[in-house]
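Below: the structure, in structure tokens.
Please treat every number below as a calculation from the coordinates, not as lab data. Everything quoted here is computed from the prediction, not taken from an experiment. Note: ideal-geometry Cβ built from the backbone for every residue, glycine included; neighbour counts use all protein chains shown.
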DNA sequence: CGTATTTATTAAACTGGTTTAATAAGAAAT
DNA sequence: ATTTCTTATTAAACCAGTTTAATAAATACG
């Protein structure tokens, strides 16, 4: 959703800052210029990392954004972060103004569909070990900048479980 | 995507017929008037049911449709089926014709996003037993019309596993 | 109908994760 | 450098699933 650059405002966050906390309504879309943010919920006391957003990602809590409900999630800066943000109102303005950009919005949602579909397939058809290896291949840099227990959470397993997988792999 | 009804053609399929087989490009969107279709792939010899489409669902292999790649999936009539079908070309015509309907298309994709997001969350956060109970609650009629081993596949477990869950629940 | 086929359950052995707890290793701070 | 705090590994007991195979129940059909 890059639209008119004129709508974007540069913002920075320090490591540990929250771009979003549960209960808030979503007012912005973000483009990640520099840094890393984790998108997670807390389910019965433990954090469940849904995604890591790094350079080049467009992100927000899209689930709450679309439904216009209060977020149940956190967006937390895992490093110092620079984003360009656009307001929901400006996105709507852009859509209202142009059939072309409305289409662009639809096609963006389609790309998101494809990604989510693949994720559902992976969750259903791959083992934890296979998903770990896939992540290692697709986003190797994550392992340099994010603690392993957060990666475990992203993969849907415990830190102990991930450690076992790594051991098993290293023994071969 | 209901658009102009004039674009729709009524089609029927017999139980066991395929609306789609792997290798085919997607030419149609379907609206289920009557019956039940399973959407599945075959992964190393076993079928993986992704979805059951029943009365009121709009469906196709959206993943292949969007990407314009040959399908990897089956759409198989589990019962005699009546659908209304619209061609991809007609959908495109409708989008080209109207900003309003283009927006409708975008909002449809957003609804699909919400559903898929919830599914990812369920796969990550719920146990197999919880997902079984949820399905039982949300779509009880499925259990009357679809064999249990297909429901097991939909839940991402084996028929033996589902049988154990049911036994465990019935013992309480 | 009775027989054949499909579907569901059960048992037994196994597996890849879990939890809890202890320990070790690494990073940050005084 | 030593301490402190965070992160990662390991071990042990456990658990919810798996696979394979046998059996039972339900359904379809000649």
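Points to keep in mind about this one:
- Taking the criterion of being within 14 Å of chain A (Cβ to nearest Cβ), under 11 Å from the mean Cα position of the chain (by Cα), in a strand (DSSP E or B) and over 19 Å from residue B:155 (Cα atoms), the residues of region B:13-72 that qualify are B:58, B:59.
- Members of region A:120-154 that are more than 9 Å from DNA strand D (Cβ to nearest atom), within 14 Å of chain B (Cβ to nearest Cβ) and touching a strand residue (DSSP E or B) at 6+ places or on another chain (Cβ under 9 Å): A:120, A:121, A:124, A:125, A:153, A:154
- Filtering region B:134-161 to residues that are free of Cβ contacts under 8 Å to residues at least 24 places away in the same chain, in a helix (DSSP H, G or I) and away from DNA strand C (no atom under 11 Å from the Cβ) leaves B:134, B:135, B:136, B:137, B:138.
- Of the residues contained in region B:108-121, none is found to be in contact (Cβ under 8 Å) with a residue 24 or more places away in the chain, within 13 Å of DNA strand C (Cβ to nearest atom) and surrounded by 15 or more Cβ atoms within 10 Å (Cβ to Cβ).
- Any chance residue B:127 is under 22 Å from residue A:44 (Cα atoms), surrounded by fewer than 12 Cβ atoms within 10 Å (Cβ to Cβ) and within 16 Å of DNA strand C (Cβ to nearest atom): yes
- Among residues of region B:150-161, those that are over 17 Å from the mean Cα position of the chain (by Cα) and closer than 21 Å to residue B:37 by Cβ, counted: 1
- Matching residues, region A:76-118, being under 21 Å from the mean Cα position of the chain (by Cα), facing chain B (nearest Cβ under 8 Å) and within 13 Å of residue B:99 (Cβ to Cβ): A:105, A:106
- Only one of the listed residues (B:123, B:101, B:78, B:136) is within 21 Å of residue B:33 (Cβ to Cβ) and touching a helix residue (DSSP H, G or I) at 6+ places or on another chain (Cβ under 8 Å). That residue is B:78.
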